[in-house]
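Below is one structure, written out as structure tokens, with a few remarks after it.
The values are calculated or read from the model by the stated rules, or taken from the named source; none is laboratory data. Bear in mind that the values here come from a model prediction, so they are computed numbers and not experimental data. All Cβ positions, even for glycine, are placed from backbone atoms using ideal geometry, and neighbour counts span all protein chains on display.
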Amino acid sequence: MSSKHTPKYKRIAQLKTADQFVDHIHSLNINLPFTANLSADHSQLFGKSITLKSGKLVGNSLCILPMEGWDGTTDGKPSEHTKRRWKNFATSGAKLLFGCEAVAVCEEGRANPNQLMINDQNLDDFKELHELLVIEHEQKFGQSSDLVIGLQLTHSGRFCKPYDKRKMEPRILYHHPVLDAKFGLGDDYPLMEDDYIDALIEKYIAAAVLAQQAGFDFVDIKHCHGYLGHEFLSAYDRPGKYGGSFENRTRFFRSIVEGINVAAPGLEIGVRLSAFDFQPFVAGKEDPSGVPSTDGPYDCAFGGISGGLGINLEETLEFIALAESMDIQMICVTAGSPYYNPHIIRPALFPPSDGYLPPEDPLIGVARQINVTAEIKRAFPNMVIIGSAYSYLQEWLPNVAAAVLENGMADLIGFGRMVLSYPDMPIDMINGKVLQRQKICRTFSDCTTAPRNGMISGCFPLDPYYKIMPEFENLKLLKS
């Protein structure tokens with residue numbers, strides 16, 4: 001990255017003491033909980049178990065968030081790369097694996113040609129993958145009775161790229177005022193038909209049945225990051241039974257959940273939810289920092305305000321209330337989309353190759369998600385609420401996580417990119433160890449830049465497994 005594109009915000013690695021970190025928080029005028037002095041009691045806090053309504057026990061308050069590697073086979077089976085990543089999840093020490101990664105319910109709904117896909121032909125592979133997680137966890141920790149494992153089910157909707165890594169084949173619910181032009185879709189580009197959606201619901205239900213047969217404890221009905229489930233929630237202008245009113249926009253979700261409850265009794269259901277959204281951002285013309293793509297009206301932000309630059313959780317809370325009424329207990333909170341406003345979903349100092357420099361100090365984005373998650377937890381005290389967007393905290397993650405748990409702002413702390421470079425960070429936190437600085441993710445975004453350019457995803461800067469791959473040299477060329 002040239003000096004012109006160097007981030008202008010203070011790096012977390014420069015904040016060597018708790019006082020320096022707190023001073024930086026105060027300078028940003030943000031509400032970010034922080035515990036300066038971690039003790040053995042805080043390690044016990046990380047190790048606190050949670051009992052689900054079903055009686056299943058989640059053995060601690062740390063969770064692995066779903067992350068794709070773009071590295072399955074073209075028929076949707078896990079590769080050796082996939083298995084290595086999942087083994088790291090299993091031995092991380094976290095007791096909730098929230099979906100592990102997005103798994104497509106149909107071929108044309110994949111985000112890339114190497115995305116995992118669950119179907120009758122791949123069932124044995126998913127059984128073996130689940131068994132691998134259990135065996136690896138038991139070998140390291142002695143037992144797995146308090147390990148809860150989910151599978152995230154998805155259709156990528158507007159971001160489908162099922163047959164060619166460089167060719168998008170979008171399936172859209174409505175014509176978007178910004179994203180259609182961004183991805184070259186004309187006014188005559190066809191909308192997804194109701195009959196297709198009806199059939200797709202049955203595919204979700206069938207996929208959930210297979211997930212249960214494979215041994216998974218729950219499925220995550222993905223409603224985040226601009227993918228299809230999330231797009232339903234913002235289909236305000238779509239005509240017919242799947243758009244317009246809140247009832248219609250949640251019909252897809254309700255129908256899937258109702259079908260799973262009948263076809264796979266006893267299977268838990270969770271939802272990874274973009275609780276709020278902002279309008280798409282683009283790099284500025286003079287300054288490469290992100291700017292809103294439009295200064296006009298923008299009404300496609302679920303959980304947002306008119307104009308798309310603020311938060312209104314009214315419908316978000318209504319959606320979670322609906323989920324609770326259907327006996328769903330787990331909500332994994334996230335926000336925005338990596339495709340059009342990445343600084344909202346995963347605050348970082350360095351952008352992916354198709355992104356923009358952060359328009360705000362990334363700690364502001366971390367605090368935004370933590371406080372929205374806390375508001376959701378206050379509104380739904382009986383729900384299990386998982387927070388995310390912690391990676392940018394780097395060595396100060398345990399201090400913020402402890403304060404979040406101590407203040408009841410979430411039930412579990414979600415680990416994303418951080419465990420790609422530092423897979424044993426959760427168990428180090430539980431054991432009260434000082435973090436290994438050389439393993440800490442510095443949010444270089446290579447794990448996003450790689451798949452954006454047709455490569456597998458991984459931590460190329462810090463994981464020796466990826467460092468020796470030819471993709472690492474390709475990435476360096478791309479970034480130069």
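How about the stretch 205-233: which of its residues are more than 24 Å from LYS95 (Cα to Cα) and either of a type in the set (Ser, Thr, Tyr) or in a loop (DSSP other than H, G, I, E, B) (or both)?
Hits for the stretch 205-233 are HIS225, GLY226, TYR227.
Could you pull out the residue among ASN312, ASN261 that is under 19 Å from GLU375 (Cβ atoms), of a type in the set (S, T, N, Q) and more than 19 Å from the chain's Cα centre (by Cα)?
Matching residue, one of ASN312, ASN261: ASN312.
Taking the stretch 192-208, which residues are over 12 Å from ILE269 (Cβ atoms) and buried (at least 18 other Cβ atoms within 10 Å of the Cβ)?
MET192, ILE197, LEU200, ILE201, LYS203, ALA206, ALA207
Can you report the number of residues in the stretch 39-68 which are under 30 Å from LEU267 (Cα atoms), of a type outside the set (Asp, Glu) and assigned to a loop (DSSP other than H, G, I, E, B)?
Looking only at that region, the number is 14.
Just give me the residues in the stretch 288-305 being in a loop (DSSP other than H, G, I, E, B) and either under 17 Å from PHE246 (Cβ atoms) or in contact (Cβ under 8 Å) with a residue 40 or more places away in the chain (or both), in sequence order.
Across the stretch 288-305, the qualifying residues are PRO288, SER293, THR294, TYR298, ASP299, CYS300, ALA301, PHE302, GLY303, ILE305.
Of all residues in the stretch 1-19, count the ones that are surrounded by 14 or more Cβ atoms within 10 Å (Cβ to Cβ), out of contact with any Lys or Arg (no Cβ under 9 Å at 6 or more places or on another chain), in a helix (DSSP H, G or I) and at pLDDT 95 or above.
So the count comes out to 1.
Within the stretch 209-250, can you find the residues that are of a type in the set (Asp, Glu), within 14 Å of CYS300 (Cα to Cα) and buried (at least 24 other Cβ atoms within 10 Å of the Cβ)?
Matches in the stretch 209-250: GLU231 only.
Could you pull out every one of the helices (runs of 4 or more DSSP H) wholly within the stretch 405-480 that has 1 or more residues that are charged (D, E, K, R), closer than 23 Å to GLU68 by Cα and under 17 Å from the mean Cα position of the chain (by Cα)?
446-452
Which residue pairs have Cβ atoms closer than 6 Å, lie 6 or more positions apart in sequence or on different chains, and pair a first residue in the stretch 194-209 that is closer than 15 Å to GLY157 by Cα with a second residue that is assigned to a helix (DSSP H, G or I)?
From the stretch 194-209, the pairs are ILE201/SER255; ILE201/ILE256; TYR204/ILE256.
So, VAL419, is that one without any contact (Cβ under 8 Å) to a residue 24 or more places away in the chain and either within 23 Å of GLY387 (Cα to Cα) or among the acidic types (Asp, Glu) (or both) or not?
Criteria not met by VAL419.
Identify all residues within the stretch 69-90 that are of a type outside the set (A, V, I, L, M, F, W, C) and either under 25 Å from GLN329 (Cα atoms) or in a helix (DSSP H, G or I) (or both); write none if there are none.
Of everything in the stretch 69-90, those that are of a type outside the set (A, V, I, L, M, F, W, C) and either under 25 Å from GLN329 (Cα atoms) or in a helix (DSSP H, G or I) (or both) turn out to be GLU80, HIS81, THR82, LYS83, ARG84, ARG85, LYS87, ASN88.
With (1) of a type outside the set (D, E, K, R); (2) touching a strand residue (DSSP E or B) at 6+ places or on another chain (Cβ under 8 Å); (3) without any contact (Cβ under 8 Å) to a residue 40 or more places away in the chain as the list, and GLN115 as the residue in question, which single condition is left unmet?
(3)
Within the stretch 26-38, is there a residue that is of a type outside the set (Val, Ile, Thr), in contact with a Pro (Cβ under 9 Å, 6 or more places away or on another chain), surrounded by fewer than 21 Cβ atoms within 10 Å (Cβ to Cβ) and part of a loop (DSSP other than H, G, I, E, B)?
Yes, the conditions are met somewhere in the stretch 26-38.
Test each condition in (1) in contact with a helix residue (DSSP H, G or I) (Cβ under 9 Å, 6 or more places away or on another chain); (2) of a type in the set (A, V, I, L, M, F, W, C); (3) closer than 24 Å to LEU96 by Cα for LEU179 and report the one that comes out false.
Unmet for LEU179, out of (1) in contact with a helix residue (DSSP H, G or I) (Cβ under 9 Å, 6 or more places away or on another chain); (2) of a type in the set (A, V, I, L, M, F, W, C); (3) closer than 24 Å to LEU96 by Cα: (3).
If you check ARG249 against the conditions, is it among the basic types (Lys, Arg) and farther than 29 Å from LEU309 by Cβ?
It is false that ARG249 is among the basic types (Lys, Arg) and farther than 29 Å from LEU309 by Cβ.
Output yes when any residue across the stretch 127-145 is surrounded by 15 or more Cβ atoms within 10 Å (Cβ to Cβ), among the basic types (Lys, Arg) and closer than 30 Å to SER234 by Cβ, and no when none is.
For the stretch 127-145, residues surrounded by 15 or more Cβ atoms within 10 Å (Cβ to Cβ), among the basic types (Lys, Arg) and closer than 30 Å to SER234 by Cβ: absent.
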